[in-house]
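As structure tokens, the structure follows; a few thoughts come after it.
Quick note: the coordinates plus some simple rules give every number you see, no bench work behind them. All values derive from a computational prediction rather than experimental measurement. Counting neighbours? That spans all protein chains shown, and the Cβs are built from the backbone with ideal geometry, glycine included.
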Amino acid sequence: MQNEELLKELRCQVAECHLCDLHETRNKVVFGAGSTNPIILFVGEAPGRTEDEKGIPFVGQAGALFAKILGAAEISSEHIFVTNILKCRPPRNRTPNPEEVARCLPYLMGQIALLNPSFVVTLGRAATCALLETNQSMGSLRGKWCSHKGILVLPTYHPAALLRNEGLKSPTWDDFQMIRDTYRKCLENSSVKGD
Ligand code: SF4
């Protein structure tokens, strides 16, 4: 079976998931959106209010800022897939708890295996710590490439954090310049994922 078919199957499986309590309060499951052959897989924390209403990731205020950053870095939406560690919204946007992360993480690992991105960018501490299985601070993790279980990962701040703290904009832009440079190299070296 082709990866796209398997991805559709995974999407259906997630849509019906009851593995943690968040299925009781969600409106819509947010599987993720984007290219099925992406260069970059962006991973955020969890759906917010607007995402939960629409079933689409990064469509609220933070999503608008994220789109602006991607535009400034000249990263095409055709070459990315965007998702979250949790596929359902935690009530009042609280931080995901360890049990929710443990239950939902296999879906992300399935997405990574099927989408096979050139690299992953984690957005924010919750996504970074869940994927890299660490408790370090974002200050020490951001802007440093690492390889985890064979996946190339670059952590940076979540756009929502930039809305709360203007001071994070400059280091985030530094990180996005690294992301842009690696994205361009991947684009040049790949006849499959290029335009
Ligand atoms: S957050 Fe993940 S594990 Fe929990 S119900 Fe939703 S899809 Fe299932």
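The residues neighbouring Phe31, those whose beta-carbon lies less than 9 Å from its own, together hold a net charge of +2 under the Lys/Arg +1, Asp/Glu -1 convention.
Of all lysines in the structure, the ones whose alpha carbon falls short of 21 Å from that of Lys54, not counting any fewer than 8 places away in one chain, are Lys8, Lys28, Lys68, Lys87.
Take each of the peptides 3-14, 117-128, 32-43, 49-60, average the number of other beta-carbon atoms within 10 Å over its residues, and list them starting from the highest. Intermediate values should be presented prior to the final figure.
Details: 3-14: 14.2, 117-128: 23.7, 32-43: 20.8, 49-60: 19.0.
Per-residue Cβ counts within 10 Å, averaged per peptide and sorted highest first, yield 117-128, 32-43, 49-60, 3-14.
Sort the following peptides by mean Cβ neighbour count (other Cβ atoms within 10 Å, averaged over residues), highest first: 63-69, 136-142.
So the order, starting with the most tightly packed, is 63-69, 136-142.
With both residues required to sit in segment 3-188, DSSP beta bridges show an antiparallel share near 30%.
Answer rounded, prolate or oblate for segment 1-143, using the Cα gyration tensor with square roots of eigenvalues a ≥ b ≥ c: rounded when a/c is under 1.5, else prolate when a/b is larger than b/c, else oblate. Judged from the Cα gyration tensor, segment 1-143 comes out rounded (a/c under 1.5). The relative contact order of the chain comes to 24 percent, based on Cα pairs under 8 Å that sit 6 or more residues apart. When shorter helices are ignored and each DSSP H run of at least 4 residues is given -39500 (n - 2.57), the per-residue value for the chain at 222 nm works out to -13500 deg cm²/dmol. Sequence neighbours fewer than 8 away in the same chain don't count; with that in mind, list the lysines whose C-alpha is under 16 Å from Lys185. Reachable lysines: Lys193.
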